[in-house]
Every structure is written in C-alpha cells, then in structure tokens.
1. Need pairs with beta-carbon distance below 7 Å; first residue within 7 Å of another protein chain (Cβ to nearest Cβ) and within region B:9-38, second among the small types (Gly, Ala, Ser) and exposed (fewer than 14 other Cβ atoms within 10 Å of the Cβ); sequence gap 6+ or separate chains.
2. What's the number of the only condition in (1) within 28 Å of A:Leu56 (Cα to Cα); (2) of a type outside the set (Asp, Glu); (3) buried (at least 20 other Cβ atoms within 10 Å of the Cβ) that B:Ala265 fails to meet?
3. Going through region A:58-70 one residue at a time, which ones are assigned to a helix (DSSP H, G or I) and touching a helix residue (DSSP H, G or I) at 6+ places or on another chain (Cβ under 6 Å)?
4. Working only within region B:307-337, note down all residues that are under 25 Å from B:Gly262 (Cβ atoms) and without any contact (Cβ under 8 Å) to a residue 40 or more places away in the chain.
5. Among residues belonging to region B:145-170 that are assigned to a strand (DSSP E or B) and modelled with pLDDT of 85 or more, point out the one that is farthest from B:Asn216 (Cα to Cα).
6. Could you check region A:175-194 and list, in sequence order, the residues that are within 13 Å of another protein chain (Cβ to nearest Cβ) and either of a type in the set (Asp, Glu) or touching a residue at least 60 places away in the same chain (Cβ under 8 Å) (or both)?
7. Could you list, in sequence order, the residues of region A:138-156 that are surrounded by 17 or more Cβ atoms within 10 Å (Cβ to Cβ) and under 18 Å from A:Ser109 (Cβ atoms)?
8. Any residue at all in region B:339-359 that's within 28 Å of A:Leu165 (Cβ to Cβ), in contact with a Lys or Arg (Cβ under 7 Å, 6 or more places away or on another chain), at pLDDT below 85 and not β-branched (Val, Ile, Thr)?
Amino acid sequence: MGEGWAGGVEEHSPLQGRRNVYTMGMLMDPVLGRTIERWRDGDRDAFQEVVDRYGLQVLRTARLILRDPALAEDATQETFLKAWRQIASLRDEEPGPWLNRIATNEAISTYRRRHRFQALAERFGRFAGSKREVSSEARMDLARALDQLKPEQRAAVVLHYYQDLSVEDAARALCIPVDTMKSRLKTALRRLRELTGTEEEIG
Amino acid sequence: MSDKFERELRDHLHKEAAQTSQFPRALRSRIADGAEPRARNRIAPQLALAGALVLIAVIALGVRNEKVIITTVRTGIGKIIPTATPAPTPQPFSCSSESGGTVGQSSALTAIRPAGHTGYDRVVFDFNGPIPSYDVVGQDSSTFLNDASGQSVRLEGTAGVKIILRSADPGASSQDSQPSLTAVRQIAQIGNFEHQLSYGIGLASPTCFRTFELSNPARLVIDFDTSRPSVTPSLAPAPAPTSPPSPGPSSLTPFTCTDHSGGTATGTSPAHLTQVRIAHQAAGYDRIVFEFAGGPVPSYTVTRQASTHFVKDASGQEVALQGSAGLKVAFHGAAAYPTFTSSTDQTPGLSVVQEAEQIGDFEGVVSWGVGLSQRSCMRTLELSGPTRLAIDIQTP
C-alpha cells in the first residue's frame, strides 16, 4: 500500500547534515525546494523561476500599498533584488511569506522616500495643489479613501484584509508589536469609514 | 467578527489587485538584469580572513625579516583557502539529487568515461573549461524525455539518473555508450538545446550516488553505489498523472496510489467553493466532496505527503492536522470567500479521514489540507449538477 508514496523523507533524508530544505520536503513543494537550493548556489535561472512564481503577488501587494503603478514596479524590482542578495536570510520556511515581508516593508520605504519632498512641500503649503483634495462633504469611494491613508496603515489593511493574514502574522510581516498592529488597523478602519461616510455597525 | 464594511473593503482590495492581471515582461527583465552574478558566499569570510592575515603580516614587516614573513603569509593563506583541487573526501551516497558547478561558466564536454570499481560504478564527465552548473537527479524509471522534441527515450535498466549541464556544449568524443556495468547500463545524450546539455543514465535498479568535482582537467565525477544490492526507490517526485476527464459516476476509475490532478482551467472569474462534505461510504472508502457554484470543476491537484503538517498559503504559518499522513488539495482559479461559509476546519473522525482544514484562499488558489490516519490510495471524480470534485480515499 505504501508503494508509490513520496514517503520516507524523514527516515531517509539524503541531505542529512546539509541545509534543511529537503527534510522539510513535506512542507515545501520538493521542486520549489530544489529551485531554492540552486538559487542559494547562485543560479540565476532558479532565481528567475521564483520571480515568475511570486512576481505577480508581490507586484499586486506593492500596488495596493503604493497606489502608483510605476512606484509599485520599482518596489517590486527592489524586493527581488534584495531577495537575490539576501537569500541567506531565508531560513527553513516557504519563500512566499519571506518575499511578502520584504515586499511590504520595501513598499512602505519606497513610499516614504518618494513622498519626502511632497510632505515637506505640504508643510510649507506651497505645492499643496498637487495633493488630492479631501472634501469632508463628498463621500469618497473606497479607492480614494485608501489613497488618503498613511502607507503603514494601508500596509496593515492590505495584509489583513487582502492577504487574509491574522493580526499576529501581519504584525510579524511588518516587524511591529501585535498591539501596534491592532491599533493601526483600528485607526485605518475608522478613517476609511469616516472618508466613505459609512457608519460603524453596532454589536 | 467582520461586518459589512470590512467585507466590502476585502472585496474592493481583491478587485483592485485583480486589475494587475500579469507581471510585465519589462519588469521581469529589469530584475534579471539587476541580479548581479554572485560569488559563492562560502568563500567570502575566508577571503576576508586571508586579507586580515596579509595585513597583520605587513604590519609585522618592520619588525621581522622579509623572508620569514612571506613564508608565514603563504602557509597562513594555504591553511585558510582550500587548495584548488581538494582531495575528494568520500562523501556518503545520497539517493536524491545533487547539484554544483559554477554558474555562468561555459565549457565543452570533452569525454564521458564510465568504469566499474569495487563498491561503485563511476562515470566521469571531462570538460575543457570550468565545470558548468549542473544538476544530477535520480528517477524511478529509465525513460527520459528529450529536451527539445519531448520524445521519450528509453534506456537499458529500470531506473535512471538525469544529468543537466548548463552553458555546456558537447565536444567531439562525448559519445553515448552502453557500458553494461553492475549499476550503470547505458549513457545517452537526451538534450542539447540552448546551451544546455542533458544526459540520461540507465541504471539496473534504483541506485544511490554521490558527486564530486575535480580540477586539472575539470571533471565531474558521479559514483553509483553498488555495495548494497537493492536500494529503496529514489525520492524523485512522482509525476502527477492527469486523471481522465469527467468520468461519469458509473465508470468509476480504480484507486491508485499516486497524486491526482485534473479539472478545467477557469477563465478570469474564479470558481466559487460552496461546500465541503466528508462521509464514509459503505463500499470501502471515505469520500470528501468539494462543491462549487456552477461551471466546471476548476483545475486541481491532490498531492500526497508523509506528514499532516501544512503551511498556510498566505501566512506561512504551520498547522498540524490529526492523523499520520496527509493530502493537499489545491484548486487553481478558485475562491472560497465569500461563498464558503461553513467550517474551514472539519474533524469527521472517520477511519481514514481524520481532519480537513482550509489552508489557503489567496490569489485564486483555494487549498485544503487533509489529515489521514494512514497512507491510502485514492481516486478522484469530477461530477456535475451541482459541480463537485469527489475524492475517495480507500479505507482498510
């Protein structure tokens, strides 16, 4: 009965004493595990396979946070190049969440870098015309309302509501305490409700 | 827990994300161009150490006599950096895959030399330049697919090993051969395409192997273990055979102990999962039914695994289900949210199916982990009206 099962991985690990990718074969798709091994050895084809597999996911996350296609592409590029250089920091885990962690933080810092000048300009009130108008009367649609959030808040919303990460996992991805994550989500949600004119449901 | 507004927000984010429907080719090549070739990082600390040593020696220059310093430095560096040709320390035989070589280096393969030794059969690949990046992968059959034509090539023996050499070209005397040794029965080129050379080695039986690299001249050595008469089958992943399309319930397919896949690739709109039911059937199997709201059964894979540990798709969090073996069921082009409202963790406590839990609903992939009390054979059935995928798992 056991014949044909891809079993025996634990009893007969071929790479004992080496990196632990194969011994966790039951967790990671073995083909992906081998691709990661090749990547670790500097194989660019293997790296490209990973880009093809996770690229769209990373790009979508970056776009949701950055709200700008060109910036999102920059952040995606930087995410993968960072990953390429820092493959050693991928421990025994799936590459998906690891890339997601890099991508989310990269998106936030890309946003900060790009908007530093804008923020300064707004403080002096000179170029404030370029900023989208916020009218308290008009009800905004969700897309516009999301535009108004701070990037950290948007990242929290994207991780929790788009990627369906638990509050704990999302906090881990953003490298912040769980309580900070909770309050960030709460503030973001309250702001979105205000902007869209949606009342909070009671109970 | 989540109110109407949160559901709206979730839907909105998914809609926004779906507007990015593909990964731009230009971005893909930008990333490819930006990935600088990396030196193997293992050597880096050693180089740093060697540098430090040289520095210390130079500082000491003022104090000591020149001759002494040079010998100190030389022996010091010699100790730190491994010599170009390491003596091949006999490694244990492995039964899975090996890889190595230098990425980005191109070489011509000048010869392939098989020979029988006490305890092992050795195949040596000679190169006129550095050893190119290679993979050596074991497989359970001696049939190989030609890289370019897709034609299958059957070599002598019952098992095989595939060797892939990247950025390599064949030289004049890298001939196919039929050495008929204890383990190594036949060697044949199965691909020479886009600077990638591949060779198949037909083996008498599944055999564990080890590889090592030698220089002057550059050689890739593969030893096949012949000291043990019979070896456990290699761990090469079994190919997932496609089940015949939509067999009617009357024409039940037999139970097989393999992975299953099938379904129909859905277009832009995902197939919505509505129900998951688990029950024992008197005919000797536990049945799991995944029901969808209309359309054909989306493209699916049912993969067996030796443990009940699963990793949640989005979070990477690990979950352990009840039982001792597992099945991972993944539907592509599918969504569970918002149509699936029942429990995402069911514990029917049947004789074989112990637990089923949704482990992902993300980016159009819905996946479920199933914990089984034992490894079992199964069959899958695609049913319509309503759209269902039934997975029958044999019970003892």
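The values are calculated or read from the model by the stated rules, or taken from the named source; none is laboratory data. Here the structure is a predicted model, which is why all the values come from computation and not from measurement. Here the Cβ is made from the backbone with ideal geometry for all residues, glycine too, and neighbour counts use every protein chain on show.
1. Filtered contacts from region B:9-38: B:Glu16/A:Ala143.
2. (3)
3. To start, the set of residues in region A:58-70 that are assigned to a helix (DSSP H, G or I) comprises A:58-66, A:69-70.
Answer for region A:58-70, where residues must be assigned to a helix (DSSP H, G or I) and touching a helix residue (DSSP H, G or I) at 6+ places or on another chain (Cβ under 6 Å): A:Val58, A:Leu59, A:Arg60, A:Thr61, A:Ala62, A:Arg63, A:Leu64, A:Ile65, A:Leu66.
4. Within region B:307-337, B:Ser307, B:Ala330 meet the criteria.
5. Selected residue: B:Arg154.
6. If we filter region A:175-194 for residues that are within 13 Å of another protein chain (Cβ to nearest Cβ), which is where we start, we get A:185-186, A:188-194.
Of everything in region A:175-194, just one residue is within 13 Å of another protein chain (Cβ to nearest Cβ) and either of a type in the set (Asp, Glu) or touching a residue at least 60 places away in the same chain (Cβ under 8 Å) (or both), namely A:Glu194.
7. A:Leu149, A:Pro151, A:Glu152, A:Gln153, A:Arg154, A:Ala155, A:Ala156
8. no
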